[in-house]
Amino acid sequence: MRTELREAAVITVVVALVGAALGLLWLRLAPHVPLVGEVVDGNWVVYLKDTEGEQAVGVDGTFVLLALACGAVSAAAVFAWRRRGGVPLVVALALGGLLGSLLAWRLGVWLGPGQDVIAHARAAGAGVTFSAPLKLSAKGALLAWPLAALLVHLGLTALFGPRDPEPYGQGPFPKDPYGAPLG
């Protein structure tokens, strides 16, 4: 049990640290939401350049797709490392995936465009297009990585994991001492 807990701790830390790569990928691949700032009655007003644009939804979708891929890859890597499951292993995958998602989200927001859109609009100038801050509107997207990891690991364990031995070593149907099926 002590070995399983140690392996689970390692898996949690490694999977969580992969979240930094997810955050950088999200920052690089997510669409930019174009904003425009103008001065109206002496105050700065910021609005979407394309009011019917789908970039804001694309930011969340990009995060979800990348997180699903990270979940599948992390589950496959953990399964390849340890061919059998176990409660500590599965908890480590889920916890590491959740921590990795949180790290990716905060890192992407931190490294992305500044959060003060009024200051950004002033710096860009009136009527000039600039990018909105990276924002994850659908917080449920943070669960994509752990859920994908759990489902992929469950599937791999069911398909390729070690089998339980048959009771009494006789296979699915009981047989007599000469090998003929009983009943």
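The values are calculated or read from the model by the stated rules, or taken from the named source; none is laboratory data. Just so we're clear, the structure is a prediction, and the values are computed from it rather than from any experiment. Ideal geometry is used to build each Cβ from the backbone, glycine not excepted, and the neighbour counts take in all protein chains shown. SASA here: full protein model, heavy atoms, side chains in, ligands and nucleic acids out. Shrake-Rupley method; radii C 1.70, N 1.55, O 1.52, S 1.80 Å.
For TRP26, are the conditions met, namely being over 23 Å from the mean Cα position of the chain (by Cα) and either open to solvent by less than 60 Å² (accessible area, probe 1.4 Å) or not small (Gly, Ala, Ser) (or both)?
no
Tell me, yes or no, whether the range 53-62 has at least one residue that is touching a strand residue (DSSP E or B) at 6+ places or on another chain (Cβ under 8 Å) and of a type in the set (Asp, Glu).
Scanning the range 53-62, I find no residue that is touching a strand residue (DSSP E or B) at 6+ places or on another chain (Cβ under 8 Å) and of a type in the set (Asp, Glu), so the answer is no.
Is it the case that some residue within the range 37-49 is touching a Ser or Thr at 6+ places or on another chain (Cβ under 7 Å) and in a helix (DSSP H, G or I)?
Within the range 37-49, not a single residue is touching a Ser or Thr at 6+ places or on another chain (Cβ under 7 Å) and in a helix (DSSP H, G or I).
Where in the range 51-158 are there helices (runs of 4 or more DSSP H), lying wholly inside it, with at least 1 residues that are open to solvent by 60 Å² or more (accessible area, probe 1.4 Å) and closer than 21 Å to VAL10 by Cβ?
Fully inside the range 51-158 and qualifying: 55-81, 87-111.
Within the range 51-66, work out how many residues are of a type in the set (S, T, N, Q) and more than 12 Å from LEU136 (Cβ to Cβ).
So the count comes out to 2.
Return the residues of the range 1-12 that are open to solvent by 20 Å² or more (accessible area, probe 1.4 Å) and touching a Leu at 6+ places or on another chain (Cβ under 9 Å); say none if nothing qualifies.
Correct list: GLU4, GLU7, THR12.
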